[in-house]
Amino acid sequence: MITRDLDFFMMEDRAPPPTVKAYEVKATTALPRSNLPGLDYALNPYIGCEHNCIYCFAPDMLHRDASKWGKEVGVRSNLPTLLAREIKNKRGVIGIGTVTDPYQPLEKSCLVTRKCLMEIVRHDNPISVLTKSDLVVRDIELLTATKRPEVGITITSVDDQICSAFEPGAPLPSKRLEALRLLSDAGLNTYAMVGPILPILQEDDLRELVKAIAKTGTKRLMIDQMRYRPGMVETMSKMPLMEIEPFHGRYQRSIADRENAPAMERILVDQCGKESLKTEQAFQT
């Protein structure tokens, strides 16, 4: 196992992250079938994710230790080679980053996602990318060269303090919004993922978020509710952010009234209507 310091990858406006352990993983298949709506295959260049989001569903889905998910990342270096062989006989939409972020910091040097895109460009498979990183802008030329590309960027708040708490290893929201604007300006089919709806957001926060997304030029917003897994409520309650008012009070009220979640979603939909943004439910057929 190789220990790599991530200072090299950090943006100037973020605190240095903990050291992450990067290790080689030999993939056995590049394009397993996907059960997600709209996707035929899944392409995941990494196992684990340095963004280390508090609410991440992937460790549970893959039956992996959540405490190590953001600290130990497997690099599937042989994926482009496997992809070149498999894609010849597989047609359909490829979802890039279904259980990990394909543009997490390691991608800057490992280039697994980029190499996979170079293979996909040679074929007719449509792609759908989902990320929390502005690094995706690096590959605009490749993305636009693929067939019917779709790129989504997850933005859960415009508040740096909130995002740094819930998504400690991800770029700040201003970086993501700018990336979404650049992707939209390049003519790509883009969308913003507001998912999950964070439990400390209020109506004004959601309306401000939608307004910021609308300014990027994207025309779609995908929404997903918070899915509380065992132990998640306690984990969130121990975040340093939750010791600060008004965040502590907001969180306690949200947890006590989880049935109010649909009302928060309706606020998003209402504001999207005012901004001429189309809304969709995430991960639903």
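We did not get these values from a lab; they are worked out from the coordinates using the rules stated. Values in this document were obtained by computation on a predicted structure and should not be read as measured data. Ideal geometry is used to build each Cβ from the backbone, glycine not excepted, and the neighbour counts take in all protein chains shown.
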Practice item. Would you mind ranking Ile200, Ile96, Ile244 so that the residue whose beta carbon has the fewest other beta carbons within 10 Å leads the list? Key: Ile244, Ile200, Ile96
Revision key, fill the gap. Once the in-chain neighbours fewer than 8 apart are removed, the lysines whose Cα is under 17 Å from Lys219 read Lys211, Lys274, Lys278
Exercise for review: Name the aspartates and glutamates eligible as straight-distance cross-link partners of Lys90: C-alpha to C-alpha under 12 Å, and not fewer than 8 places from it in the same chain.
Suggested key: Asp40, Asp124
Exercise for review: Highest first, please rank the peptides 134-140, 22-28 by the mean number of other Cβ atoms sitting within 10 Å of their residues.
Suggested key: 134-140, 22-28
Exercise for review: Would you mind counting up the charge near Leu268? Only other residues with Cβ under 14 Å from its Cβ, with Lys and Arg at +1 and Asp and Glu at -1.
Suggested key: -3
Check your understanding: Which of Leu111, Val158, Ser174 sits farthest toward the positive end of the charge dipole of region 67-178, with +1 on the Cβ of Lys and Arg and -1 on the Cβ of Asp and Glu?
Key -> Leu111
Exercise for review: For region 101-181, just say rounded, prolate or oblate: build the C-alpha gyration tensor, square-root its eigenvalues into a ≥ b ≥ c, call rounded for a/c under 1.5, and beyond that prolate if a/b exceeds b/c, oblate if not.
Suggested key: prolate
Study note, to complete from the structure: Mean separation of Cα contacts under 8 Å (at least 6 apart) over the residue count of region 163-260, i.e. the relative contact order in percent, is 31
Practice item. Note the listed values (1) 20.2, 76; (2) 21.6, 70; (3) 18.4, 56, then indicate which one is Rg and Dmax of the Cα atoms in Å calculated from this particular structure. Key: (3)
Study note, to complete from the structure: One finds, for Lys108 and Tyr228 with R0 = 51 angstrom and r their Cβ-Cβ distance, a FRET efficiency to the nearest 0.05 of 0.95
Exercise for review: Show me 189-199, 229-239 ranked by packing, highest mean number of other Cβ atoms within 10 Å first.
Suggested key: 189-199, 229-239
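D for region 148-238, whole µm²/s, Stokes-Einstein with Kirkwood Rh over alpha-carbon pairs at 10 °C and 1.306 mPa s: what number?
Numbers: Rh = 13.8 Å.
Estimated via Stokes-Einstein, D reaches 115 µm²/s.
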